[in-house]
1. Report the residue count in segment 94-113 for those that are surrounded by fewer than 16 Cβ atoms within 10 Å (Cβ to Cβ) and either in contact with a Pro (Cβ under 9 Å, 6 or more places away or on another chain) or in a loop (DSSP other than H, G, I, E, B) (or both).
2. Restricting to segment 179-202, name every residue that is under 25 Å from the mean Cα position of the chain (by Cα) and closer than 18 Å to LEU111 by Cα.
3. When the residues of segment 65-93 are filtered to those that are assigned to a loop (DSSP other than H, G, I, E, B), modelled with pLDDT of 75 or more and not hydrophobic (A, V, I, L, M, F, W, C), which remaining residue is surrounded by the fewest Cβ atoms within 10 Å (Cβ to Cβ)?
4. Where the second residue is in a loop (DSSP other than H, G, I, E, B) and the first is in contact (Cβ under 8 Å) with a residue 24 or more places away in the chain and lies in segment 94-107, which pairs have Cβ atoms under 6 Å and are six or more apart or on separate chains?
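The values are calculated or read from the model by the stated rules, or taken from the named source; none is laboratory data. Bear in mind the structure is a predicted one, so any value in this text is a computation, not a measurement. Don't worry about glycine lacking a Cβ; one is built from the backbone with ideal geometry, like all the others, and counts go over all protein chains shown.
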Amino acid sequence: MSRKKRNALSPEDRELWSRVAKSARPLKTDLAHIFDPVPDVPALDAPRAPGLPAAPKSPRRLKPTGSAAAPAHDLARPLSEALASAPVAMDKRRFQRMTRGKLDPEARIDLHGMTLAQAHAALNGFILRAQAQGLRLVLVITGKGRQVEDDGPIPRRRGALKHDVPQWLRMAPLAGAVLELREAHLRHGGSGAYYVYLRRLR
């Protein structure tokens, strides 16, 4: 496929182009405005002990962009450990019976097969209705999440529902209704479900 030849510039176009080229000025390429210089340690005028070499200059850092830096997520620590180490808010004896699987949940919801948006809405309605009915212990089934065979270079969290449900239960409108949250006993689904102990509705 042959390329079309460009039309040669006319003398008037060449004259116009030369004027534009003469009036053009190069863009500034100084990128110092995006760097945050780190002061040298020790300072240049600070005395140092004799015989010690001068400290190397610290590299300049890029300033973070956006409203705030993203928080670091600890993917290594299992969620079960975080829940197990949380302080107990309910009656200790009843808590022990619950975590040993000796208390039967009064209601349950299974979030399997739902999208995150569907599950969030269903959980909100379920918890608020259960509290309105005077229930205390309910079971929320999330599943353990599918095993990711090829994780690739970027870590992916296994079980989005399993991870997000505890966060939802600590946020409005559910935070005021939930007194205690723990992983269920094996009898009631183990790490694929949560016990949610509700506050009494005043």
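1. Number of matching residues: 7.
2. LEU181, ARG182, GLU183, ALA184, GLY190, SER191, GLY192, ALA193, TYR194, TYR195, VAL196
3. Among those that are assigned to a loop (DSSP other than H, G, I, E, B), modelled with pLDDT of 75 or more and not hydrophobic (A, V, I, L, M, F, W, C), it is PRO87.
4. Close Cβ pairs satisfying both conditions: PHE95/VAL88; GLY101/HIS185; GLU106/LEU135; ALA107/LEU135.
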